[in-house]
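A quick write-up on the structure given underneath.
The values are calculated or read from the model by the stated rules, or taken from the named source; none is laboratory data. Small disclaimer: the values here were computed from a predicted structure and weren't measured. FYI the Cβ positions are ideal-geometry reconstructions off the backbone, even for glycines, and counts take in every protein chain you see.
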Amino acid sequence: MKILIAGGGTGGHIYPVVSIAKTFIKNGDEVVLVGRKNSKEENIYKTHKLYTRTMESAALEFSPKKFLKFVHKASIGIKEAYQTLREEKIDAVIGAGGYVSAPIVFAAITKNIPVFLYEQNIVPGRANRLFAKKSKQIFMGFPDIYGFFDTEKTVFSGNPVRKEITNIKRKDALNFFKFDDKPTLLVLGGSGGAKKINDVFSKIIKKLLLKSNIQIIFITGERDYQTIVKKNKALSQRVKIIPYLEEAEYAIGAANFSISRAGAMTLTELTKKGVPGIIIPYPHARDDHQEKNALFLKSKGCIELIKESTLSESILLNKIIYYLTHPDIIKTMKKNTEGIFPENSEEIMYDKIRSEINE
């Protein structure tokens, strides 16, 4: 079987594709990945030695100038999609969300090639909503509690998480940062960082160190890294401030508690590793999907949700101190992470697709 998987943009779209692709390859299938030329996804796919083809694509914008750009790029992308399907002789296509996937999914549908969709968030993106009726099955990272899709097509697979994240031992993760076996807080805003979280947290680090024996891993994103480091010179060895960490398993594996945005993959990785925390959704996410992701986990009792509009230094400091001084509550929240998401999500996808294609 030869599978084409299209997806990209952010790390949350890219890394699950890598996991899915490797599962098919492990089972003896051929895989073609599709992304944009000179993009983050192309670089990461090639780093993992995965066969990759590129094509043009663009986000749908409604201002006259941007709409014309979209039409131009989309027409090129669809032409390239037909060429790729013809040359590669694809048996099935997986659209992994985002506008990157739209041209190839459209072309596959018109050529009657079986299409499967994969949606990371609890609120699906435009591309997946657009093509849902023509797809064979739709794999959901979160359960479809809002009823966006046909229940007969929907499979709650969960989001594929790299084995390194679930398998890492805390001792090895702590050693990576030269940390002791003490309570460890992970602060991150997703692959690009989160300005509001960065601004507020960077102002309370010294107070946290004075009021607790905590260790801190602060992943800032490239944009704010230098500014934050300058503001926090000469901090103790209990704090590691880094712009980005490719080996995310070490940060997640070391953490007892976290502060983060509510991207689908960030939440999935933290939850599957049993790391509860304070979630501050990005308020400008399309369809408010980050807050809805977080509300689902809040209903399970494993996170606290704080809206960015109410976030302040005092609120965040007091919340962190509260949890640090109530380890029993953290223990309960950790327990509540168990069983929320299916294990071996990529294997669920593989088995369902293989079964559908072989019918």
Query raised in the report: Within segment 93-114, is even one residue crowded, with 16+ Cβ neighbours inside 10 Å and at positive phi?
Result: yes
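Matching residues to (1) in contact with a Pro (Cβ under 8 Å, 6 or more places away or on another chain); (2) surrounded by 15 or more Cβ atoms within 10 Å (Cβ to Cβ):
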| position | (1), (2) |
| --- | --- |
| F218 | no, yes |
| G221 | yes, yes |
| T227 | no, no |
| L235 | no, yes |
| I241 | no, yes |
| E247 | no, no |
| N256 | yes, yes |
Report task. Please indicate, with yes or no, whether at least one residue in segment 281-295 is at pLDDT below 95, loosely packed, with under 14 Cβ neighbours inside 10 Å and either in contact with a helix residue (DSSP H, G or I) (Cβ under 6 Å, 6 or more places away or on another chain) or not assigned by TED's automatic domain parsing to the domain that holds K207 (or both). Result -> yes
Query - Output for segment 10-52, where each listed residue is touching a strand residue (DSSP E or B) at 6+ places or on another chain (Cβ under 9 Å), assigned to a loop (DSSP other than H, G, I, E, B) and small (G, A, S) - result: S39
**Report entry** Wholly enclosed strands (runs of 3 or more DSSP E) of segment 234-317 bearing at least 2 residues out of contact with any Gly (no Cβ under 8 Å at 6 or more places or on another chain)
**Finding:** 239-242, 277-279
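When the residues of segment 326-351 are filtered to those that are β-branched (V, I, T) and free of Cβ contacts under 8 Å to residues at least 40 places away in the same chain, which remaining residue is farthest from A92 (Cα to Cα)?
This residue is I329.
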Report task. Within segment 197-206, identify whether any single residue is in the same structural domain as P283 (by TED's automatic domain parsing), in contact (Cβ under 8 Å) with a residue 12 or more places away in the chain and loosely packed, with under 14 Cβ neighbours inside 10 Å, and answer yes or no. Result -> no
Query - Residue match in segment 35-44 (condition: buried (at least 19 other Cβ atoms within 10 Å of the Cβ), among the β-branched types (V, I, T) and over 19 Å from I353 (Cβ atoms)) - result: yes
Report task. Please indicate, with yes or no, whether at least one residue in segment 308-323 is among the basic types (K, R), more than 30 Å from V31 (Cα to Cα) and either surrounded by fewer than 18 Cβ atoms within 10 Å (Cβ to Cβ) or in the same structural domain as L210 (by TED's automatic domain parsing) (or both). Result -> yes
Query raised in the report: Can you tell which of S135, S157 is buried (at least 18 other Cβ atoms within 10 Å of the Cβ) and either more than 30 Å from K334 (Cα to Cα) or free of Cβ contacts under 8 Å to residues at least 12 places away in the same chain (or both)?
Result: S135
